[in-house]
1. What residue among E227, E387, E255 has the largest mean-square fluctuation in a Gaussian network model of the chain, using Cα springs under 10 Å?
2. Rounded to the nearest 500 deg cm²/dmol, what is the calculated helix-only ellipticity per residue at 222 nm for the chain, with -39500 (n - 2.57) per DSSP H run of length n ≥ 4?
3. In percent, what relative contact order does the range 71-132 have, based on Cα pairs under 8 Å that are 6 or more apart in sequence?
4. Based on the Cβ-Cβ distance from R164 to N288, what FRET efficiency comes out when R0 is 56 Å, to the nearest 0.05?
5. If you stretched the chain out fully between L339 and N30, how much longer would it get, using 0.36 nm times the residue separation minus the C-alpha to C-alpha distance?
6. Counting only C-alpha contacts under 8 Å and six or more residues apart, can you give the relative contact order of the chain as a whole percent?
7. Taking a ≥ b ≥ c as the square roots of the eigenvalues of the Cα gyration tensor of the range 187-314, is the shape rounded (a/c under 1.5), prolate (a/b larger than b/c) or oblate?
8. Over the Cα atoms of the range 56-151, each weighted equally, I'd like the Debye log10 I(q)/I(0) at q = 0.13, 0.16, 0.17 Å⁻¹, rounded to two decimals.
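The values are calculated or read from the model by the stated rules, or taken from the named source; none is laboratory data. Note that this is a predicted model, so its numbers are computed, not measured. So basically every Cβ, Gly included, is an ideal-geometry build from the backbone, and we count neighbours across all protein chains shown. Surface areas here come from the heavy atoms of the whole protein model, side chains and all, with no ligands, DNA or RNA. Shrake-Rupley method; radii C 1.70, N 1.55, O 1.52, S 1.80 Å.
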Amino acid sequence: MAFSEFRPLDEKTLIEYIKSVPAISSKLGNKFDDLSVKEVGDGNLNFVYIIVNSAGSIVIKQALPYIRCIGESWPMTKERAYFESLALKEEGRLCPEHVPEVYHFDRTMSLIGMRYVEPPHIILRKGLIAGVVYPLLAEHMADFMAKTLFFTSLLFRSTTEHKRDVGEFCGNVELCRLTEQVVFSDPYKVSEYNRWNSPYLDHDAEAVRKDNLLKLEVAELKSKFCERAQALIHGDLHTGSVMVTPKSTQVIDPEFAFYGPMGFDIGAFLGNLILAFFSQDGHANQENDRKAYKEWILKTIEDTWNLFYHKFTALWDENRNGSGEAYLPAIYDNPEVQLLVQKKYMRDLFHDSLGFGAAKMIRRIVGVAHVEDFESIADVGKRATCERRALDLAKMLLKERRKFEGITEIVSAIRQY
């Protein structure tokens, strides 16, 4: 069977495909009599197959020319698979311990063959709903974000290298436009794709659409998202894009990757942890009030930023005299000015992260594609209370983010809501 043009694979044609590609068939020991194939693409966009036999395992991910959760009425470029494979390879080079290895990419078929992140790994979001503690999560995510963001920024690279890669990733414009629409536009206007916990949040959704100050702030964030090529960002770094065990953290699904503002990744992760925090009261019961777990989430939020800050600035200090062109050593030539620029850079990055995190939270409550953290709360009234607290905090953060000096103040603000 020839695969010279695009065709969506099913479980039968997938095996034919695997047989035709040595780079992936070899991972299964070239044995095809005991293959188990399972489709697990519970996301919004793609087909994802897990293939296992006695000799090994792989994951095959195929992009479709439309958004899977909506259907053919919302076309979407399958070229996103190319950018996902590029990003996985680059992130894997910079942080191999937290990114699955790519074995094979087929541009014609929009298909990636990669390492299977095996059980007991589960999607972090599901672990947070179940109340599982992950003691190394903050350390691992800080490590992933510090390395991938620092080493693809002008703090480390020349403008020549940087512009070359910015140009390459500009091709991922359709997925960037999708983010522009669902994060920065739709929640602030009437849109056919918006939904919320109606009728409970009808007034809240309307209040978002009528809040002039909120619109002013989100416009600034949108322009940063569209215009600022600060580093290679994952572009969709929520708790559904991370697979975990108590000892391991693997970051998956960077199909939205492009050169954008670093704070978009940091904010996405922290914002989704805040959503998880506010959902806990809806998952509490008589056996478990979830209070201790909520404290662990707050500590994880605080630790993630603090560890990121520490790791990122340490990389900066180590590479101060390298080829990075943002702050030339001949100009920033004494400890005083070096400290000044670093402090300003990190303060601005903190405020960006708060703003983007808040925008991501708002879209998950009154926009398209909600989070299971809230959706799995059976009592819709209780769910609405949890959602409203998260929404009120997010609106405040978006409008007042520049008032906050550090992450401990954010944790205090979360407690007050």
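1. With Cα springs under 10 Å in the chain, the top fluctuation among E227, E387, E255 is at E227.
2. On the way: 15 runs with 209 residues, N = 417.
Taken over the chain, the calculation gives -16000 deg cm²/dmol.
3. Numbers: 46 pairs, mean separation 15.7, N = 62.
So the answer I get is 25 percent.
4. Values: r = 52 Å, r/R0 = 0.93.
Result of the calculation: an efficiency of 0.60.
5. On the way: separation 309, 0.36 × 309 = 111.24 nm, distance 5.62 nm.
My answer for the length gained is 105.6 nm.
6. Values: 671 pairs, mean separation 72.2, N = 417.
Contact order relative to length: 17 percent.
7. Working: a/c = 1.90, a/b = 1.04, b/c = 1.82.
Judged from the Cα gyration tensor, the range 187-314 comes out oblate (a/c at least 1.5, b/c at or above a/b).
8. Here the Debye-derived log intensity ratios amount to -0.61, -0.88, -0.97.
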